[in-house]
Structure formats: C-alpha cells, structure tokens
C-alpha cells in the first residue's frame, strides 16, 4: 500500500502544530518520525488516521483521498497503535485483540475473525496471557497486545505512536524487531514515532525529522541524523559516530548558542 | 426469570391459593377447562401479571440503559440517576401533581409530563456537550448539574404545594411498579423492542469506545455520532420507564457492575445481561416489597436499594483488584 501526505497543515484552536507536511510512504518500508516534544509527531499520525482533521492538504492511500473514505474504510487500511490505552472497564487480552476485527465484523464474529485473532496472538507470543485482564499487564506486554490488535486488524499500514516509550531496553529492541518482522512477513509498511534516535537509526529504512511542525530533514538515517541537524532541532551538542553503516548519537550537552525551534 | 414470574404471581394480599392463580392463568389460554372465580381472574390478569411484567421490563430497560451509558461515557458512575434524567422526570411529575399544569391534559398528564421533562433534560445535556463536540466529561457534568436544578425545582414545588399534593409527589418519587396496566406495559414493551436490539448491535462500538475515543476512531467508529445516538436511545428508554414507574433508583447503576464483575467487560454480553440482572433485581425486589410487611406494600425504590446495596458492596469487596 502506498501512502501520500501532501501539504498537510493542522492547528489546534489556532495554535499551529503541523505546517505544510509532504512525504510518501512506500510499500514494505519502516519510516521513523523523530523530533523534539511538541514537534507534531503524534498529531501527524492522528491526521493520517483521520482521528484529527487537517485544515489544509491532502492525504491519500493508493491514490484515494481519505476524506472520501468512511472511518470504517480507513480502519481497514490503517492500523493505529496508541502510546497506551487506559480502558474504563476490564477487558481480557483476547477481547482487546478481537476489537481489532471491528472494521471487518458486521454483526457477529465469524470463525475467520477468531482465526485472525488467534494467529496474531501467537505471532506476538501472547498465548499465555490471552485470558488475563489487559490492565494487569506490564508495559511491554501491553505494547505487544496493542500490536497484536493492529495485526488482527489486517491493515496495510501501521501507525505507531512511540511504541517504545515505556519499555526497558530489551523490550524496546524486542518491539522494534517484532515490527521489522511484521513488515517483512505481512508485507506491510509502518510509520513509527520514536524518541530514541539511536533506536530509530538502527531499525528505520527512512527517517523524517520534524521540528516546530515542519519537516526539517528526511532521508536515510545517516542523511537525517547529522550533528548539525540534531543541534538545530533539539538545541543540544552531539557527536555522531558511524557504527556498521548506521549513525550513532552521543549527546555532549545543551547547546547554549541555539534555542530549539519548537 | 420464569420462576420469578411463577412465584410472584401467587403472592399478594388478595388471599388466593396457588391453585386459583394458575387456574386463572391457564383459563385464558384454554377457556372452558377451568373453574375460575371472576375475582381471581381479575386479580391475576389486571393486577398481578401487569405488575410482574412491568417490574421485569423496567428492570431490563434500566439495566441496559445503565450499561450503555457507563460504556459511552467511560464512567462507572453514569446511570439514569446520576445524569439527572430521573430528577427531570420527577420534576415534570411534581409540576403535574402540584400545579396541575402540563403538556397534555387528562389522565396521562403526570406520565406525559415526566416523559417530556426527562427528554428535555437529555436534549439540554446533549446541547451543552455538543459545544465541546460530545466530550464525555462535559456530558456527565452537564447531566449532574441539570439533575440538581430539577431536584431543586421539585423541592420548591413541594415547599409551596398543599399537603395532599406533596404526599402524592413523594409517592410518585418513591417509585411503584404497581401503577400499571396492559396498555402501559405494551408501550414500555414496544419502546424496548425497538431500542434494545439497536444497543445490542452497537455493543462492538461500545467496546471500542471504552478504550478511548482515539482507539475507537482508529477502529472505524464514528465516535461523536455513536455517542450522541446511544445517549438519545438510552434516554428514551429511561424516560419511558421512569414516567410509568417513577424514579426507581439504583438498578441502572448496579446491574451493569454486577455483570461486569461476574463476566468481564465485553459489552456484547454486558449490555443484554445487565438487562437480565436488572429485570431479576427489580422483580425480586417487588416480591419482597409485597411480602416483607404484608399487608403493607413497601416502596420498591427502598427495597431495591436495601437489597442492591449489600449485594453491590459484596461484589466490590471481593472483586479482582484491577476492577475500576
């Protein structure tokens, strides 16, 4: 599936958040969305999934404008994995994953739905947790359940909002490995908002750096993560090393000379 | 449920034997085979059965409405009571009883007034909430505030009303499933028949919404429309029931919680089962209300609270730790 974002502009009650964002997502590609807090990463993901409605610009999936699609049609193509979910009432892991079938279910669950849920539960190795209450899980387990739900949704494009933010380093690596595996096995693509630049550099095919609601750099990890670029958007001094063809960032301190744009 | 109907039909102050009651019921289905006194026939068919079915239907409707409201607003305290709908119905009824003014004149004045005011309350609540595009917190706060407003209005009417009218208001507010007839019963039944399946059908969306609006939207639910339409439907159910039986408390709040504590949070099961539990609670409470101090009939609103609160507290104390 091919996703095109053209000149998207969004503001919350006249506070501009996204300004003229344009990019394209190719099939089987992981694009990492990086940038300081408040640079518009989450907002951009929500605009793409039409949770938020951009004031200007156009977003299309396989050259179909999402404004002409119903929320249900969009949900069959785009799977959104939120940072975390706080459910008001208890739901088991199985029920949480089953909710991913909502876009496909008309009236009652078919065997096909149950199969899809069981498959994605076993793909993410959640069998032993299936009947546990979602709210009782650890952060890493919750993240895997939310991923399983997006897999059960059978969407061609996954949008992940900081899937690693609450995880320890092992679970961060695990989450990214799972994502990489999903993209390969399921033949899908993904946009991931990430804070950890090194993690993004290690797992992304391409990166987009946002700063103050604008794209300030885009390209391969080594093209985007330059000492100068990071210094400009984050206001810190860094050294960028090259480790096996991927950039590796070592922070040195606050850059007193520059103020971050956001 | 059949057991409750069977038992409840035999109980009451008219002094009929169990045989009399079943003979009276059977006689309507197989005329000519049973020897039934006109008294037994009249008591069973005009008093007892309508009363039992009203208890079941009202309990069912309040349970379903409570479960859906809690899901839609993502709030375990939401119920027809906490959202002011019952208070508005009470105010409408008081207005009719104390001042004799209302929308339609005649013997249905009180019912019509209660109905109109509870719908008015819902419309006001939704209108206020729509200014924040259907934000659940706004809905709850607006509902609670309107509830206080209507309660204050009722108190004011009682303060200035004449003693007999005030007494009538108090009786109305307490709630009673006995003020019924087949005609009223069929109105409640038709309302439920039309609305409840809609809610059962939408319980998937309710599941998605209980994980947050963003999640629900990403799963293809049009959240604002779904929330407002479900609130309108549940309010319609509540308004219909409350205007016939008065403000019977608590069922709408506890029935869904009891179900969730027993089977978990999947609304595909929670919504219909809350209706079942509500029906059993209310019909059961009515039996107790009739029998506990017979021949005095205790107010059913009091009995639902007296029976429901210990049950509710028991469930809360032995609940799984992550509940709520």
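The values are calculated or read from the model by the stated rules, or taken from the named source; none is laboratory data. Please read these numbers as outputs of a predicted model, since none were measured by experiment. Don't worry about glycine lacking a Cβ; one is built from the backbone with ideal geometry, like all the others, and counts go over all protein chains shown.
Matching residues to (1) surrounded by 18 or more Cβ atoms within 10 Å (Cβ to Cβ); (2) closer than 29 Å to residue A:197 by Cβ; (3) within 14 Å of chain B (Cβ to nearest Cβ):
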{"residue": "A:89", "(1), (2), (3)": "yes, no, yes"}
{"residue": "A:96", "(1), (2), (3)": "yes, no, yes"}
{"residue": "A:131", "(1), (2), (3)": "no, no, yes"}
{"residue": "A:155", "(1), (2), (3)": "yes, yes, yes"}
{"residue": "A:161", "(1), (2), (3)": "yes, yes, yes"}
{"residue": "A:165", "(1), (2), (3)": "no, yes, no"}
{"residue": "A:169", "(1), (2), (3)": "no, yes, no"}
{"residue": "A:172", "(1), (2), (3)": "yes, yes, no"}
{"residue": "A:179", "(1), (2), (3)": "yes, yes, no"}
Across segment A:222-250, which residue is surrounded by the most Cβ atoms within 10 Å (Cβ to Cβ) among those that are in a helix (DSSP H, G or I) and touching a residue at least 40 places away in the same chain (Cβ under 8 Å)? A:234
Take the conditions touching a helix residue (DSSP H, G or I) at 6+ places or on another chain (Cβ under 8 Å), part of a helix (DSSP H, G or I) and modelled with pLDDT of 90 or more and apply them to residue B:49. Does it pass? no
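Quickly run through segment A:13-51 and pick out the residues that are assigned to a strand (DSSP E or B) and either in contact with a helix residue (DSSP H, G or I) (Cβ under 8 Å, 6 or more places away or on another chain) or under 24 Å from residue A:164 (Cα atoms) (or both). Don't jump to the end; show me each part of the working.
Our first condition is that a residue be assigned to a strand (DSSP E or B); within segment A:13-51, this holds for A:15-25, A:30-34.
Within segment A:13-51, A:17, A:18, A:21, A:23, A:24, A:25, A:30, A:31, A:32, A:33, A:34 meet the criteria.
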Among the numbered criteria (1) within 27 Å of residue B:286 (Cα to Cα); (2) touching a residue at least 24 places away in the same chain (Cβ under 8 Å); (3) part of a helix (DSSP H, G or I), which single criterion is violated by residue B:150? (1)
Selection over segment B:214-228 where residues are closer than 21 Å to residue A:135 by Cβ, at the interface with chain A (Cβ under 8 Å from one of its Cβ atoms) and in a helix (DSSP H, G or I) yields a count of 3
Within segment A:50-84, work out how many residues are crowded, with 20+ Cβ neighbours inside 10 Å and out of contact with any strand residue (DSSP E or B) (no Cβ under 9 Å at 6 or more places or on another chain). 2
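May I ask you to say which residue of B:73, B:77 is within 14 Å of chain A (Cβ to nearest Cβ), out of contact with any strand residue (DSSP E or B) (no Cβ under 7 Å at 6 or more places or on another chain), surrounded by fewer than 20 Cβ atoms within 10 Å (Cβ to Cβ) and modelled with pLDDT of 80 or more?
Numbers: B:73 fails: surrounded by fewer than 20 Cβ atoms within 10 Å (Cβ to Cβ).
Step by step, each of B:73, B:77 is checked, and only B:77 is within 14 Å of chain A (Cβ to nearest Cβ), out of contact with any strand residue (DSSP E or B) (no Cβ under 7 Å at 6 or more places or on another chain), surrounded by fewer than 20 Cβ atoms within 10 Å (Cβ to Cβ) and modelled with pLDDT of 80 or more.
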For segment B:192-213, the count of residues that are buried (at least 18 other Cβ atoms within 10 Å of the Cβ) and away from every other protein chain (no Cβ under 12 Å) equals 4
Qualifying positions in segment A:75-87 - part of a helix (DSSP H, G or I) and within 7 Å of another protein chain (Cβ to nearest Cβ): A:75
